[in-house]
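Scroll down for the structure; my scribbles are underneath it.
Just so it is clear, none of the values below were taken in a lab; they were calculated from the coordinates. All values derive from a computational prediction rather than experimental measurement. Cβ atoms come from the backbone with ideal geometry, glycine included; neighbour counts cover every protein chain shown.
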Amino acid sequence: MCAAVVGLSLILAAGPATAAPSVSAAASAHVYLLRGVLNIFSFGLDDIAEKLRAQGIQVTVANFVSWSSLANEAAAEYRSGRIKTLVLVGHSSGATALPDMVARLNDLGTPVKLAIGLDSVFRTSLNGRVGKYINFYIASGAGMPVAKGTAFQGSLENVNVENVPGVGHITIEKNEIMQQKVISAIDAAVFSRAMEGSVAQGRSQDAIAARQNTVGTAAARN
């Protein structure tokens, strides 16, 4: 009876504890979404921003010409400890600016966990440090793959999405399939550490419960 009560107490206590890391992870992440030319072709980024904010993630949507000042802002937030996970997303010219923003943040000592480019139409090379860089491009259109520079550190994936139904240069960020790919990648980057922590905590609690059960069984036999 004693062991059962202890086990139930541990299960009830685990609920808020496992939920807390996800809330903390969202609050300490910041996603920067860079629009393309004239802010008139990238409104799908606003839909992505809304869905991310619904998860408690901080989001900034801006034109690509602001990439340098945004890099300075992100670096200041990182140094202050307000953000721990930095994610960059860009469409069209916003995607073209991403390698420059990654390099700038690297110079400022600010790690980028994830960067996602959506159909840059200029050939770019990637330098600096980034956990993962995913370049979604349309090979049958004007989209270009991203090349690794000599100073690049991290993982680079060039993904041709020309076969995604309804995708085009001015619709790629509005396409629901592509939006889901982007959000899924961001969620994996933002919540992966919290999920790993929750799994480890769960295993620890299972071990504690097992020991309590062993003790309780031994006591009952005595």
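With the requirement that a residue be in contact with a helix residue (DSSP H, G or I) (Cβ under 7 Å, 6 or more places away or on another chain), within 20 Å of residue 93 (Cβ to Cβ) and among the charged types (D, E, K, R), what does the stretch 122-176 give you?
173, 174
Taking the stretch 160-170, which residues are exposed (fewer than 14 other Cβ atoms within 10 Å of the Cβ) and farther than 11 Å from residue 141 by Cβ?
Matches in the stretch 160-170: 163, 165, 166.
What tally of residues in the stretch 137-192 results from selecting those that are more than 20 Å from the chain's Cα centre (by Cα), small (Gly, Ala, Ser) and at negative phi?
The qualifying residues number 9.
With respect to residue 120, is the statement that it is in contact with a Phe, Trp or Tyr (Cβ under 8 Å, 6 or more places away or on another chain), within 23 Å of residue 48 (Cα to Cα) and free of Cβ contacts under 8 Å to residues at least 40 places away in the same chain true?
Considered against the rule, which asks whether it is in contact with a Phe, Trp or Tyr (Cβ under 8 Å, 6 or more places away or on another chain), within 23 Å of residue 48 (Cα to Cα) and free of Cβ contacts under 8 Å to residues at least 40 places away in the same chain, residue 120 comes out as yes.
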